Structures are given as structure tokens and as C-alpha cells.
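Input: a single structure, listed below in C-alpha cells.
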Amino acid sequence: MAGILEDLLGRKAKKNVITLPLCRTGTRPSPTPTSSWPSGTSGIGRRHDLFTGLRKFVKWYVESTTA
């Protein structure tokens, strides 16, 4: 995700990478939610892939902060 934002904004990100603590089971928690939850519980699904959503967000953000 950071790489996509770097490409869209034309800038390098200042990254501060941290490690996740271990769970009681000894495994790391999943960093991404399951995609079946929203559509399975509410009927709402994805409308865009990650790149398209980030591109639209960056366009909105740039337009709203420069106005």
C-alpha cells in the first residue's frame, strides 16, 4: 500500500516499521481483515480494487487540500 501511494504522489514515504506482538497462540495477528465479512453480513461488497481506491482517494485529497 505504501508503494502505491508513493507512486501516486510522486514522493517517497517516511516509513516507521514496527513489529506486531505475538498472540497467546504464538502466531502473529493477521494484518489484513478478511474480505468476506462485509459482504457476508451486510450485503456490501468491494467496488474497487486497492489501486483504484487509493488513486481516487489521493485525487480527492489533493483537490480538497489545494482549494
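The values are calculated or read from the model by the stated rules, or taken from the named source; none is laboratory data. The shown structure was predicted, so the numbers you read here are calculated from the model rather than taken from an experiment. Neighbour counts are summed over all protein chains in view; Cβ atoms, including those assigned to glycine, are modelled from backbone coordinates with ideal geometry.
Points to keep in mind about this one:
- Verdict on T34 being at pLDDT below 60 and under 18 Å from the mean Cα position of the chain (by Cα): yes
- Residue under evaluation A67, criteria (1) touching a Lys or Arg at 6+ places or on another chain (Cβ under 8 Å); (2) at pLDDT below 80, criterion not met: (1)
- Only a single item in (1) in a loop (DSSP other than H, G, I, E, B); (2) modelled with pLDDT under 90 is not met by K14, and it is number (2).
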